[in-house]
Every structure is written in C-alpha cells, then in structure tokens.
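The values are calculated or read from the model by the stated rules, or taken from the named source; none is laboratory data. Here the structure is a predicted model, which means the values were calculated and not measured. Here the Cβ positions follow ideal geometry from the backbone for every residue, glycine too, while neighbour counts run over all protein chains shown. Just the protein is used for accessible areas: all its heavy atoms, side chains included, with ligands, DNA and RNA removed. Shrake-Rupley method; radii C 1.70, N 1.55, O 1.52, S 1.80 Å.
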Amino acid sequence: ETWFTSAVDEVFHPATLRDRLREAERLYSDASNAAMVTHALGPLWDRVNEAVDVVAGPRPSAARERLWRLRQPVTLQELSRSFHAGPRNAARFPLLAQVLQEEEALPHIKAIADVLAWHRVLFSVLPLGSLSRAEAAATTNAEVLEMVPEGAAREEAARVLDEFCRSFNLAFPLVVNLYECQANPFLNESGGVDLTGSRRGSAGMARSTPVSFSLPSLQSADNDAAGLCTLMLVNVLQESHNNVLTTLLESASRARRSAASGEPDDEDLHAGPGDQGAAADAEEEAPAPAHQSRQAQAAQLWRERRRQAKLQARDRVARFPSLRLAEEEAKRRQEQLRAEREKRLDGEGDAQEFKRHDGPAGAHERQQQQQQQHDSVPATTFLTPTPLVKRRLIQYSREEHLLPLAATFCVQSLAPGSGHIRGFEFPRIEHGLMEELLATAAPLAVHVRQFQFRDELRNTGGLRGLQARVEQQPLEQRLLDAVWQEVDTQHRLVRLMALLEECIAFVAAAGGAAVSSIDPRTKLPDYVVGVLLVDPETWAEVACPTIIKSVRLCHLQSLFLDLEERMKGDPVEAVAHKYREEPDGELQRELRQAVPAVDVGMLLPILKAFMTEQLVEGTWPGDASLLEYLTYSTELDLEGCDWFTALPQIELRHAYAFYRMLRRGC
C-alpha cells in the first residue's frame with residue numbers, strides 16, 4: 001500500500017492537483033479536457049505518455065513503473081500509418097495493401113447475397129411488365145411482401161427483406177457516384193442514406209420504402225435513379241471483392257512457387273532483415289551468442305522464418321482448393337511464356353513480337369484474354385442459392401480478422417518506458433489474412449437481372465436502339481402467323497412480350513466491345529438463356545416451337561411489332577390528326593415512284609417508333625421536315641443511304657400517309 005499510495009499521490013495529490021486543475025480550467029476554458037490535464041500535470045504527463053525526451057532522462061521510481069506503464073493501443077489507423085511509412089511495403093505485401101485500400105468496403109461484401117435474395121423474392125411475385133414505373137413508385141416493399149403466399153414462404157420472405165434493408169443501409173454509402181460521374185442523390189450531407197432525395201434526411205431502406213428502389217433497372221440517371229440503387233451497390237461490392245481476391249490468389253500462388261523452388265525472391269511475402277521491426281524481433285525472439293552481430297542474428301531469424309513459411313505454403317495448398325486453381329493458372333501462363341520465347345528464338349523477330357504484344361493488336365489481345373477469364377467464372381444470379389453465394393464471398397470483419405492479427409504481430413515491448421508501437425510484422429499479418437480469407441472465397445461475375453416495366457420499351461426508344469446495335473430483318477409472314485397460333489393463351493402472350501422487351505432493352509443498352517460480340521444470327525433461345533440468364537424452365541413456359549426453331553436476334557423487332565399489333569392494335573392509329581393529311585397529287589406521285597427503292601425493313605420500324613413516341617400529341621409543327629426528324633431519332637446513318645436522300649421532301653403532316661404507303665409497298 002505504501003508504494004501504491006506514493007505513486008498515486010505523486011500525480012493526484014489533493015493538496016496540489018485540485019488547485020492546478022482549477023487554474024488550468026481558468027486559463028483553458030475553451031480548450032479540451034486533454035489540454036487542461038496536460039497543463040496541470042506538466043512533466044508528469046510526459047512521463048505517463050513516455051515522451052522520448054523525458055524517458056531518456058532520470059529513471060522514475062519503481063512504484064511509478066509498476067503503476068504507470070504506457071501501452072499504446074493497436075488501431076487500424078496506427079497499422080495503416082506504419083504500413084504506408086515504408087515505401088516498399090505496398091510492393092512486398094500486396095494483399096495487406098489491397099485490404100487496407102478496400103477495408104471500408106470489405107465488411108459489406110456479404111450484402112451481395114442479401115440483395116440477390118430479395119431480388120429472388122421480387123421476381124417470384126412480380127412478373128416482367130406487371131408494373132409500370134409509376135406503379136412501382138407507389139408500391140411499398142411491405143405490399144410486395146403481402147403478395148407472397150402465407151405461411152413459411154412469407155415468413156422467409158420477411159426475413160430476407162429485413163436482412164436486405166439492414167445490409168443496404170450499411171453498404172449503400174459506398175456508392176459515391178450513382179450514374180457515371182453524377183453524385184449519388186440518395187446520400188445526405190453526412191454520407192448517410194436518404195432515399196427521399198432531399199439530402200437532408202435519413203430515410204433508409206425499410207418495409208415502407210417504394211419497391212422502385214429495390215427493382216433493378218438501368219435506363220439513365222434522369223429516367224430511373226431509383227432503379228440504379230441495387231445495381232450500383234452490387235457493382236461496387238463485386239469490384240472490391242474481385243480486387244482483393246485477385247491479389248490474394250496472386251500472392252498465394254507466388255508464395256507457393258517460391259516455396260517449391262526454394263529460391264529467394266526479392267518480392268517475396270516475407271521481409272528481410274532490413275525491414276521495419278525485424279532487427280528488434282531478432283534481439284527479443286532469437287537470442288544468439290554475443291559474438292554475433294545484430295544484423296547476423298536478424299538474418300538467421302529471417303532464414304528460419306522463410307523455412308517455416310514454405311512449410312505453411314505447402315499446407316495451405318493442401319487445404320484450400322482456390323490455391324490449386326491459382327497454381328494451375330500460373331503454370332499454364334509460364335508454359336505460354338516459354339512457348340513464346342522459343343518462338344522468338346525460332347526467327348519470329350523481336351519487332352513482330354513487340355507489335356503483337358505492345359501495339360494496338362497486343363492491347364486488343366490482352367483485352368480478349370481478360371474477357372475470357374471473366375467469362376470462365378460461373379455467373380452468379382438471383383437464382384443462385386443464397387448459401388452458395390455467401391460461400392463464394394469474402395467473409396471479412398475488422399474486429400475478427402485484421403485487428404487481432406495486428407495486435408498479435410505488433411512490435412511493442414512490455415518493458416517500462418517502451419510502450420510505444422515500434423512497428424508490425426507485416427509478413428505474418430499478410431500470411432494470417434491469406435489463411436483467413438482464402439478458405440472458400442471465389443471470383444465473382446454477378447449478373448443482375450433487370451426488371452422490365454410495362455410499356456417502357458417505347459418510352460425509352462429501345463426499338464430504335466436495337467436497330468443501331470444489331471441489324472434487323474423481317475421475319476417471314478408464315479412464321480409470324482405460326483407464332484401467333486402457337487401462343488395459345490393471353491397469360492402466355494403477356495409473359496412472352498415481357499421477355500422480348502427485356503431482350504430488346506438489353507441489346508439496345510449494349511455498347512463498346514459488347515456490340516461487336518453480338519451475332520445477329522444467334523438463336524433467340526440461346527441468347528435469352530445463355531446471356532440474359534433467364535431460368536430455362538421460365539423460358540420453356542412461354543416459348544413456342546416456331547420461336548425455338550426459327551427466330552434469331554435479327555428478327556426481334558419484327559416479332560415484337562407483329563405481336564404488339566395483333567395484341568393491342570396498331571399503335572400508329574393513336575397518332576394525332578394534324579399528322580394525318582394526305583399529300584397532294586404531285587407529292588403523292590413522287591412518293592409512289594420512290595417507295596419501291598426504299599429499304600422498308602430499315603425505315604419502317606424507325607418511322608413507326610418515331611410516330612408512336614413523338615406524334616401522338618400535336619407537339620411538333622406540321623410543316624416541319626419528316627426526313628430531318630427521322631435522322632435525329634435514330635443512331636443509323638440514314639443520310640448515307642441513297643434511297644433515303646432520293647425521297648422527296650415530306651412534312652410531318654404527311655407522316656401517317658407515308659407510313660401507310662410503306663406498309664402497302666407502293
């Protein structure tokens with residue numbers, strides 16, 4: 001009790017401390033509590049915190065050493081600061097560098113499974129085309145839940161919805177930009193979720209939220225910001241998952257190759273004697289004879305660690321199937337590089353090799369290789385069982401994975417006056433992360449199926465975009481008649497039209513390399529099941545023998561327009577009367593002469609789409625040029641077609657009559 005009392009009184013003696021604290025409070029009335037305590041305690045505060053200039057002075061009493069001993073806490077901030085202080089750490093420990101970079105997103109990767117599970121519920125009770133966009137905005141998640149059959153199915157759906165809401169609210173702040181470079185309008189000023197769009201509230205995802213925020217739909221930020229929410233969330237989380245996993249597999253494969261070869265590697269995962277904390281560890285963990293220098297001791301410890309690490313690498317390959325795949329891929333790549341080197345030696349020439357690998361052709365080849373690697377990853381959709389999705393995801397928690405490793409491999413002495421963190425054993429932290437994260441995780445290729453709203457295709461100009469992406473051809477009339485006969489129920493027809501709309505919207509939205517990869521002769525069933533990932537049983541319920549056998553992507557427009565006209569009537573009949581004037585005799589004669597040369601298969605769908613989208617109301621002047629408006633309404637180069645430039649000047653008021661002439665072919 002005597003030494004304890006003396007140590008406490010030295011710092012908190014009531015005779016002096018109270019007056020000193022009051023004086024500090026008077027002087028620092030606007031300062032923080034830490035500033036007041038620092039001023040009141042003076043040099044004692046520096047000793048408690050083991051300031052370097054004070055610790056180097058006279059030794060404190062034995063009682064104070066036992067009572068006041070600093071132990072700097074291990075935090076993510078301290079680990080990150082120490083890691084980035086070493087200029088070579090990012091290159092030597094790529095997995096740890098990637099984890100620190102993606103650390104904010106990693107705990108929320110599991111939200112991918114929750115989003116897909118809720119999508120499965122939505123698509124099970126909301127057929128494509130069953131809701132318009134306005135109806136979706138007026139329908140809540142709770143109302144959709146009531147559509148699920150009562151009993152165990154509804155209870156499970158309610159659990160899925162609650163998990164989805166919780167995960168969405170935690171992970172959605174990671175979506176900084178919702179559409180291209182446009183800021184996320186559903187985050188408030190503090191970065192929290194506010195689905196009202198006011199950016200001042202805190203209305204997160206809940207049962208009362210409109211289902212439009214849950215239904216995935218990619219049109220544009222202006223048309224459907226709500227429909228982008230789950231799409232962009234999955235995209236952001238998938239990117240973080242694949243970034244970390246790619247680095248993880250590469251690091252593990254490199255460690256395995258190094259262990260198998262037995263040769264040192266400058267970029268190996270294990271630090272050499274010159275790295276932070278290694279010399280200190282050598283002195284504390286590997287006592288050596290006095291005649292050995294500290295550098296020699298550290299080198300000896302380093303060699304022992306490398307031997308142990310090689311044994312651990314072999315053990316990891318035996319336990320984790322993902323490492324075997326990575327090793328096989330590395331061997332395949334090595335064999336490919338060896339073959340290329342031999343080819344150069346056989347006289348191919350360095351110039352040609354440079355052109356092939358580093359010129360434009362080489363860039364295209366690398367892009368194709370990356371696409372092939374992506375295509376080889378099994379697709380994950382809302383139909384994938386949730387337990388399997390979770391098994392493929394990186395399961396990460398800062399408190400369970402990173403911080404325990406950092407605390408275990410922190411270079412921090414227990415001796416009095418040495419409580420500050422002097423560094424971390426980054427090699428061991430890297431290996432620990434490798435073992436923790438690699439157990440079942442696999443690369444992801446998530447395909448989020450989009451919801452096709454009712455009557456959305458015409459509102460967004462999807463038919464015009466289809467013609468620009470994939471050349472369209474008319475389907476023979478006998479085949480159109482056969483499809484109409486085989487689709488024998490109204491329910492089947494509605495579902496078929498919804499699937500056709502989804503397919504058209506997907507093809508019309510394709511861009512870049514995806515356009516060149518679309519073969520117009522691809523059979524429609526192959527594209528719907530293989531690319532859109534529609535459930536084969538769902539497709540079998542709506543398809544008919546003629547579609548399965550004869551319809552290809554180049555027939556999409558013809559089939560859709562024919563079924564639409566048979567089901568709802570010709571939508572052109574809704575065109576305003578100001579655009580229905582008959583042309584005068586001279587213009588009519590010129591049109592009849594020009595129509596036989598027109599590519600009706602190209603022009604008629606463009607004209608029909610323009611009329612049904614723009615001429616239903618009398619917005620545009622009747623004396624405006626119809627041909628000029630048509631060139632603005634499509635991405636196709638109509639002005640580059642001789643038959644188009646040969647047409648006489650037609651005004652909007654003659655649009656309906658011109659459409660009828662094209663339909664009749666005269």
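Per-residue answers, yes or no, for (1) closer than 17 Å to residue 562 by Cβ; (2) surrounded by 17 or more Cβ atoms within 10 Å (Cβ to Cβ); (3) at pLDDT below 90:
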site: 462; (1), (2), (3): yes, yes, yes
site: 465; (1), (2), (3): no, yes, yes
site: 472; (1), (2), (3): yes, yes, yes
site: 477; (1), (2), (3): yes, no, yes
site: 490; (1), (2), (3): yes, no, yes
site: 494; (1), (2), (3): yes, yes, yes
site: 507; (1), (2), (3): no, yes, yes
site: 514; (1), (2), (3): no, no, yes
site: 536; (1), (2), (3): no, no, yes
Has region 228-243 got at least one residue that is open to solvent by 40 Å² or more (accessible area, probe 1.4 Å) and among the aliphatic types (A, V, I, L, M)? yes
Of the residues in region 513-524, those that are part of a helix (DSSP H, G or I) and in contact (Cβ under 8 Å) with a residue 24 or more places away in the chain come to 513, 515, 524
Being in a helix (DSSP H, G or I), touching a strand residue (DSSP E or B) at 6+ places or on another chain (Cβ under 7 Å) and not β-branched (Val, Ile, Thr) narrows 164, 168, 172 down to just 172
Checked pairs for region 123-149, first on the phi > 0 side of the Ramachandran plot and in contact (Cβ under 8 Å) with a residue 60 or more places away in the chain, second buried (at least 17 other Cβ atoms within 10 Å of the Cβ) and in a loop (DSSP other than H, G, I, E, B), C-beta under 8 Å and 6 or more apart or across chains, list as 129/452; 129/453; 129/454
Those residues of region 173-202 which are within 19 Å of residue 224 (Cα to Cα), of a type in the set (A, V, I, L, M) and either open to solvent by 40 Å² or more (accessible area, probe 1.4 Å) or in contact (Cβ under 8 Å) with a residue 60 or more places away in the chain (or both) amount to 175, 176, 183
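Working only within region 393-410, note down all residues that are touching a strand residue (DSSP E or B) at 6+ places or on another chain (Cβ under 7 Å) and touching a residue at least 60 places away in the same chain (Cβ under 8 Å).
Going residue by residue through region 393-410, those that are touching a strand residue (DSSP E or B) at 6+ places or on another chain (Cβ under 7 Å) are 406, 409-410.
Those that are touching a strand residue (DSSP E or B) at 6+ places or on another chain (Cβ under 7 Å) and touching a residue at least 60 places away in the same chain (Cβ under 8 Å): 406, 410.
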Quick count over region 382-422, residues being open to solvent by 20 Å² or more (accessible area, probe 1.4 Å), small (Gly, Ala, Ser) and not in a helix (DSSP H, G or I), is 5
Taking region 554-585 and the residues there that are in a helix (DSSP H, G or I), modelled with pLDDT of 90 or more and over 29 Å from residue 522 (Cβ atoms), the one that is most open to solvent (accessible area, probe 1.4 Å) would be 577
Checked against (1) outside any helix (DSSP H, G or I); (2) modelled with pLDDT under 85, residue 435 satisfies every condition except (1)
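Filter region 138-149 down to residues that are surrounded by 14 or more Cβ atoms within 10 Å (Cβ to Cβ) and not in a loop (DSSP other than H, G, I, E, B) and give me whichever is nearest to the chain's Cα centre (by Cα).
Quick first cut of region 138-149, residues surrounded by 14 or more Cβ atoms within 10 Å (Cβ to Cβ) only: 139-142, 144-145, 147-148.
Filter once more, keeping what is not in a loop (DSSP other than H, G, I, E, B): 140-142, 144-145.
Working: 140: 26, 141: 24, 142: 27, 144: 26, 145: 27 Å.
Checking each candidate, the answer is 141.
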Taking region 121-171 and keeping only residues that are within 24 Å of residue 108 (Cβ to Cβ) and small (Gly, Ala, Ser), one is left with 157, 158, 167, 171
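Consider region 100-132. How many of its residues are open to solvent by 50 Å² or more (accessible area, probe 1.4 Å) and not acidic (Asp, Glu)? Can you show your working first?
In the first step, residues of region 100-132 are kept if they are open to solvent by 50 Å² or more (accessible area, probe 1.4 Å); the result is 101, 104, 110, 120, 124, 127.
Restricting the remaining residues to those that are not acidic (Asp, Glu) gives 101, 110, 120, 124, 127.
Going through region 100-132 one residue at a time, the tally reaches 5.
Being farther than 28 Å from residue 477 by Cα and either touching a residue at least 60 places away in the same chain (Cβ under 8 Å) or open to solvent by 20 Å² or more (accessible area, probe 1.4 Å) (or both) is the requirement here; does residue 599 meet it? So that I can check it myself, show each step before the final result.
Numbers: farther than 28 Å from residue 477 by Cα: no; either touching a residue at least 60 places away in the same chain (Cβ under 8 Å) or open to solvent by 20 Å² or more (accessible area, probe 1.4 Å) (or both): yes.
No.
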Of (1) modelled with pLDDT of 80 or more; (2) acidic (Asp, Glu); (3) open to solvent by 20 Å² or more (accessible area, probe 1.4 Å), residue 425 satisfies every one except (3)
Of the residues in region 603-652, those that are assigned to a loop (DSSP other than H, G, I, E, B), of a type in the set (D, E, K, R) and either without any contact (Cβ under 8 Å) to a residue 40 or more places away in the chain or touching a His at 6+ places or on another chain (Cβ under 6 Å) (or both) come to 623, 637
Quiz item: Yes or no: residue 606 farther than 17 Å from residue 572 by Cα and surrounded by 18 or more Cβ atoms within 10 Å (Cβ to Cβ)?
Solution: no
